[in-house]
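Taking it in order: structure first as structure tokens, then the write-up.
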Amino acid sequence: MSMPLVFNIQKYSIHDGEGIRTTVFFKGCPLSCLWCHNPESQRYRKELMYHANRCAVCKACAAVCPQKAVVCAAGTMRLERDLCAGCGTCLDACLLNARELAGREYEIPDLVRELEKDRMFYDQSGGGVTLSGGEVLAQDMDYIEELARRLHQKGFSVNFDTCGHVPYEHIRRVLPYADTFLYDIKLMDSEKHRVYTGVDNRLILENLKRLSADGGKINIRLPLIEGVNATDQHTGAVIAFLRDNRISVYRVNLLKYHGTGGGKYDKLGRCYDEGGMAPPSQQWLEQTAETFRQNGFLNIHIGG
């Protein structure tokens, strides 16, 4: 069993399922969505995030880096990311916290103890733990299954937030411990799905059909982006797919695009181009919600 990397444990989450939840974000994803607001979630290795606005260019980080991956150029500290091993040595040398390491291992008992701290909130609100990503079901499944089993044994509601692009065996392994699957549908057109996420959608849609047939409780989540998929054609295709395949849907969430994660790309040494992407209008979202209701999907929410 190998330990996946966790890049965030978010307390008091109210958009990742019912009640107050603690969401564990695992690092690594088979998709690379152009609108991703957590770019540090995409790769399966530790990554250094550099906050240039905090840096005093004291060069202490360069002095201690074992890989000589930090260099001073044009009055700033530049990271040669091909050399960086993600060891974190430079973090201790930086007194201004200009450096942050995305990705940490947790032994399962340690992670469970951390999640148990919020039991009072789960009990009072009907919440629990949501396992997210990146893509939680693309991690070492011996680890994920054991984690889910232990949380389930403690009486916690366990949600899985998934893009669905994983072997169905991974889904099947956690079914006995899953309260709800938060299942993304990003695009119905397979080729557009490949353009915007890096993969086609055939496995995602097939897994959704199998999960429904196996009795999984499913919240469909639709990230909606003007310039990409915030169209009547897309949402109509989603409705037709769900209806024609008799997908058992507990809830539909219409998720409005936001670009709040754009600043993270610069910290990772990457470029972020919104390329015309924007949030859809509230009026269109409300009209879309009504269209879902008219087609029999009565439990529909705008937002998480």
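Within the stretch 212-304, list the chymotrypsin sites (Phe, Trp or Tyr not before Pro) lying in a DSSP loop whose Cβ has at most 16 other Cβ atoms in a 10 Å radius.
Details: sites: PHE241, TYR250, TYR257, TYR265, TYR272, TRP284, PHE292, PHE297; in loops: TYR250, TYR257, TYR272, PHE297.
Those satisfying the criteria are TYR250.
Return the Cα extents of the chain along principal axes one, two and three, sorted largest first, each rounded to a whole Å.
Extents along the principal axes, in whole Å: 63, 46, 33.
Could the peptides 191-201, 67-77, 106-116 be put in order, highest first, of the mean number of other beta-carbon atoms found within 10 Å of their residues? Kindly include the intermediate steps, with their values, before the conclusion.
On the way: 191-201: 17.1, 67-77: 13.3, 106-116: 15.4.
The peptides rank, most packed first, as 191-201, 106-116, 67-77.
So what is the relative contact order of the chain, in percent, for Cα pairs below 8 Å that sit 6 or more residues apart? Numbers along the way, then the final one.
Values: 570 pairs, mean separation 57.7, N = 304.
Reported relative contact order: 19 percent.
Summing +1 for each Lys or Arg and -1 for each Asp or Glu, what net charge is found among the other residues whose Cβ lies under 12 Å from the Cβ of LEU175? Write down the numbers at each step before the final one.
Working: positive: ARG149, ARG172, ARG173, ARG210, LYS217; negative: GLU145, GLU169, ASP179, ASP214.
Here the charged neighbours net out to +1.
So how much slack lies between ALA278 and ALA213, counting 0.36 nm per residue of separation and subtracting their Cα-Cα distance, in nm?
Working: separation 65, 0.36 × 65 = 23.40 nm, distance 3.53 nm.
Taking ALA278 through ALA213 to full extension adds about 19.9 nm, to one decimal.
Per DSSP H run of at least 4 residues, take -39500 (n - 2.57); add these up for the chain, divide by its residues and hand me the 222 nm value, nearest 500 deg cm²/dmol. Let's see the in-between values first.
Numbers: 11 runs with 98 residues, N = 304.
Calculated from helices alone, the mean residue ellipticity at 222 nm is -9000 deg cm²/dmol.
What nm value, rounded to one decimal, do you get for the distance between ASP266 and ASN53 when each label is placed 7 Å out toward the C-beta?
For the pair ASP266/ASN53, the computed spacing is 0.7 nm.
D for the stretch 85-219, whole µm²/s, Stokes-Einstein with Kirkwood Rh over alpha-carbon pairs at 25 °C and 0.890 mPa s: what number?
Diffusion coefficient, whole number: 145 µm²/s.
Distance check, please: which entries in LYS59/LYS267; LYS11/LYS117; LYS46/LYS68; LYS46/LYS256; LYS27/LYS267; LYS27/LYS264 exceed 20 angstrom between their Cα atoms? Intermediate results must be reported in sequence, preceding the final value.
Working: LYS59/LYS267 18 Å; LYS11/LYS117 10 Å; LYS46/LYS68 17 Å; LYS46/LYS256 29 Å; LYS27/LYS267 16 Å; LYS27/LYS264 15 Å.
Over 20 Å apart, Cα to Cα: LYS46/LYS256.
Mind checking the alpha-carbon convex hull of the stretch 1-137 and giving the volume per residue in Å³?
Details: hull volume 20.5 nm³, N = 137.
For the stretch 1-137, the hull spanned by Cα atoms encloses 150 Å³ per residue.
For the stretch 165-208, take the alpha-carbon Rg, divide it by the Kirkwood Rh, and send me Rg/Rh. Could the numbers behind the result be given before it?
Numbers: Rg = 11.8 Å, Rh = 11.4 Å.
Reported Rg/Rh, Kirkwood definition of Rh: 1.03.
Taking Cα pairs under 8 Å and at least six residues apart, what relative contact order does the stretch 108-197 come out at, in percent? Please list the in-between numbers first.
Details: 90 pairs, mean separation 24.0, N = 90.
Worked out over the stretch 108-197, it gives 27 percent.
At what distance in nm do the modelled label points of ALA63 and GLN153 sit from each other, each positioned 7 Å from its Cα along Cα→Cβ?
4.9 nm
For the residue pair GLU100 and ARG113, what label-to-label distance in nm results when each label sits 7 Å from Cα along the Cα-to-beta-carbon direction?
Using points 7 Å along Cα→Cβ, the separation is 2.6 nm.
Values in this text are rule-based calculations from the coordinates and carry no lab data. Bear in mind that the values here come from a model prediction, so they are computed numbers and not experimental data. Using ideal geometry, Cβ is built from the backbone for each residue, glycine included, and neighbour counts are taken over all protein chains shown.
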